[in-house]
Amino acid sequence: MSIGKDLVAASATPLVLAILAEGDSYGYAIIKRVGELSDGQLRWTDGMLYPVLHRLERLGYVEARWATAESGRRRRYYRVTSAGRAHLATERRHWEAVDAALRGIWLEMAPTLA
């Protein structure tokens, strides 16, 4: 199943913030975690992730730092800020409302959608 790009884009902010709420991470690891959390339904690329991270950084929801990994490779690690955690809580309430509305519609319309 292919998920439309509008839905992928709409879910990007809460996904990234939730992943970073688990702990600091870097680009490739975030992309990998999105795939894991979505059971492979969402396949992100660098070109999708980094604009989101840069926007969240501009908004003050994430902070970035350079560090050297055990492999010796320099990576840019991102962490969620307190403002980012607050925004994630708001995003979660919004998505729960959308989920509840859709579940109600699907349940009510089940006989006509079959």
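The values are calculated or read from the model by the stated rules, or taken from the named source; none is laboratory data. Being a predicted model, the structure only gives us computed values, none of them experimental. Here the Cβ positions follow ideal geometry from the backbone for every residue, glycine too, while neighbour counts run over all protein chains shown. Only protein heavy atoms, including side chains, enter the accessible area calculation; ligands, DNA and RNA are left aside. Shrake-Rupley method; radii C 1.70, N 1.55, O 1.52, S 1.80 Å.
Could you tell me whether the range 6-55 comes out rounded, prolate or oblate from its Cα gyration tensor? Rule is a ≥ b ≥ c as square roots of the eigenvalues, rounded for a/c under 1.5, then prolate if a/b exceeds b/c, otherwise oblate. Note, shape of the range 6-55 comes out rounded. In a reduced charge model with +1 at each Lys and Arg Cβ and -1 at each Asp and Glu Cβ, the chain shows a dipole moment near 500 debye about its Cα centre. Among the GluC sites (Glu not before Pro) within the range 28-114, those in coil by DSSP and having at most 12 neighbouring Cβ atoms inside 10 Å are Glu70.
Relative to the dominant Cα principal axis of the chain, helix 5-22 is inclined by about 50°. Contact order, relative form, for the chain: 25 percent (alpha carbon pairs under 8 Å, 6 or more residues apart, mean separation divided by residue count). Convex hull volume of the C-alpha atoms in the chain, normalised per residue: 117 Å³. The trypsin sites (Lys or Arg not before Pro) of the range 1-66 include none that DSSP puts in a loop with a beta carbon having at most 10 other beta carbons within 10 Å.
When a 1.4 Å probe is rolled over the protein heavy atoms, the share of accessible surface on the chain that falls to carbon and sulfur comes to 56 percent. When a/c is below 1.5 the answer is rounded, else prolate if a/b is larger than b/c, else oblate, so apply that to the range 67-114 with a ≥ b ≥ c taken from the square roots of the Cα gyration tensor eigenvalues. The shape class here is oblate. Using the 1.4 Å probe convention, the accessible area of the range 1-83 works out to 61 Å² per residue with neighbouring protein chains retained.
Think of the chain as having a plus end and a minus end, set by charges on the Cβ of Lys, Arg, Asp and Glu; of Thr90, Gly4, Thr45, Thr45 sits farthest toward the positive end of this dipole.
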